[in-house]
Amino acid sequence: RVVADAWCASFVVKKDGRDAELTDGVFRDVALRRDAVDAGLLERVERLARGCGFFHWHIEFPTVFGRENAGFDVIVGNPPFQNQLSSSTATDAGTTQLHRVLSGGVVSRYADVSTRFLARSLSLCRRGGWVGLVLPMSVLSASDALTTRRYAAREASISSVWLATEHVFAGASVYACA
């Protein structure tokens with residue numbers, strides 16, 4: 001777990017001097033020889049892991065990800081999404097880089113967070129599995145979601161689409177699709 005935590009920490013830590021040494025090099029050091037890594041550095045990794053709530057799918061679901069054709073059979077969800085035009089859809093550079101690596105370069109810094117859920121769901125689902133998500137309709141047309149749409153077209157096939165003709169969530173101005 002500490003190896004996976006060190007990998008995540010190298011992305012989310014603010015490189016402001018105090019934690020500047022938390023890099024992907026630390027991840028490699030922990031993976032190769034944990035005893036050679038400074039105890040204080042390992043403590044900071046563990047503190048970041050607790051504070052950020054790092055979650056490692058392969059550790060939490062070893063039977064799902066340790067088998068041939070690894071991944072979930074079905075993923076169903078209603079991920080959070082925002083108004084595509086809102087500035088709050090942008091994320092900090094470290095988080096963006098982490099999502100970019102996790103998605104194989106698919107996500108954009110300014111894309112609605114729901115595109116990250118779509119890309120991640122596809123990557124966690126086994127070949128031949130099913131993903132069903134309620135998403136903002138902007139996923140279908142926004143330029144910032146283009147790489148996610150291309151990824152989805154390459155990695156999956158669409159069996160059906162539902163498009164809302166009215167707002168389905170009270171107080172939300174975003175149209176949904178699934």
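No lab work stands behind these numbers, since they all come straight from the coordinates. As the structure is a computational prediction, the values presented were derived from the model and not from experiment. Counting neighbours? That spans all protein chains shown, and the Cβs are built from the backbone with ideal geometry, glycine included.
For this structure, a couple of remarks:
- For the peptides 66-72, 48-54, the ranking by packing is 48-54, 66-72, with the highest mean count of neighbouring Cβ atoms within 10 Å listed first.
- Extension gain, Phe55 back to Ser141 (0.36 nm per residue minus Cα-Cα distance, nm): 27.9 nm
- Estimated FRET transfer efficiency when R0 is 35 angstrom, pair Arg127-Ala170 (beta carbons, to 0.05): 0.40
- Other-chain or far-sequence residues with amide H under 5 Å of Phe72's (modelled H): Cys125, Arg126
- Among 123-132, 149-158, the order from most to least packed when residues are scored by Cβ within 10 Å on average: 123-132, 149-158
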